[in-house]
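Just so it is clear, none of the values below were taken in a lab; they were calculated from the coordinates. Note that the structure is a prediction, hence the values are computed from the model and not measured. Note that we place each Cβ from the backbone using ideal geometry, even for glycine, and neighbour counts take in every protein chain shown.
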Amino acid sequence: MSETILSVEEAASSLPELVQRVQANGQAALLVKSGQPIARIVPVSPQSRNVDDLIAFLRNWRIKYPEPDEQFAQVIEESRSAVSQPYDPWA
């Protein structure tokens with residue numbers, strides 16, 4: 001993966017554009033201070049979008065099948081085991 005390298009000051013002065021570029025191109029940005037790498041801005045993995053798809057699927061399922069049944073419960077359990085929790089750097 002190629003990445004843009006820029007100073008913290010450059011990133012701060014153009015943060016909205018930088019974030020847009022990272023999102024649109026899928027290209028990371030490495031932030032440096034005094035020539036030393038200190039942070040990296042990376043695009044969110046496509047897996048995050050799968051969670052939104054799953055939520056939409058389950059909402060549509062509830063509309064089509066308003067009464068819970070054993071199959072619905074099984075699908076819920078399978079979906080829970082298939083979706084990993086997002087990485088939390090603060091935990």
Taking the chain as a Gaussian network, where each spring joins two C-alpha atoms under 10 Å apart, which residue of Val44, Val19, Val75 fluctuates the most? Val75
Here the equivalent ellipsoid of region 16-57, derived from its Cα gyration tensor, has semi-axes (largest first, whole Å) of 29, 11, 7
Per the 1/(1 + (r/R0)^6) rule, R0 = 41 Å and r from the Cβ atoms of Val8 and Asn60, FRET efficiency to 0.05 is 0.35
With mean projected area of the Cα convex hull in nm² defined as stated, name the option among (i) 5.9; (ii) 8.7; (iii) 12.4 computed from the structure displayed. (ii)
Between Thr4 and residues 5 or more places away or on another chain, which pairs have amide H atoms under 5 Å apart, with H built 1.01 Å from N, and which residues are they? Ala28, Ala29, Leu30
What is the dipole size for the chain, taken about its Cα centre, with +1 at each Lys and Arg Cβ and -1 at each Asp and Glu Cβ, in debye to the nearest 20? 200
Give, in nm to one decimal, the length gained when the segment between Arg80 and Gln36 is fully stretched (0.36 nm per residue of separation minus the Cα-Cα distance). 11.8 nm
As an exercise, identify the chymotrypsin sites (Phe, Trp or Tyr not before Pro) in the chain lying in DSSP coil whose Cβ has no more than 10 other Cβ atoms within 10 Å. Tyr87, Trp90
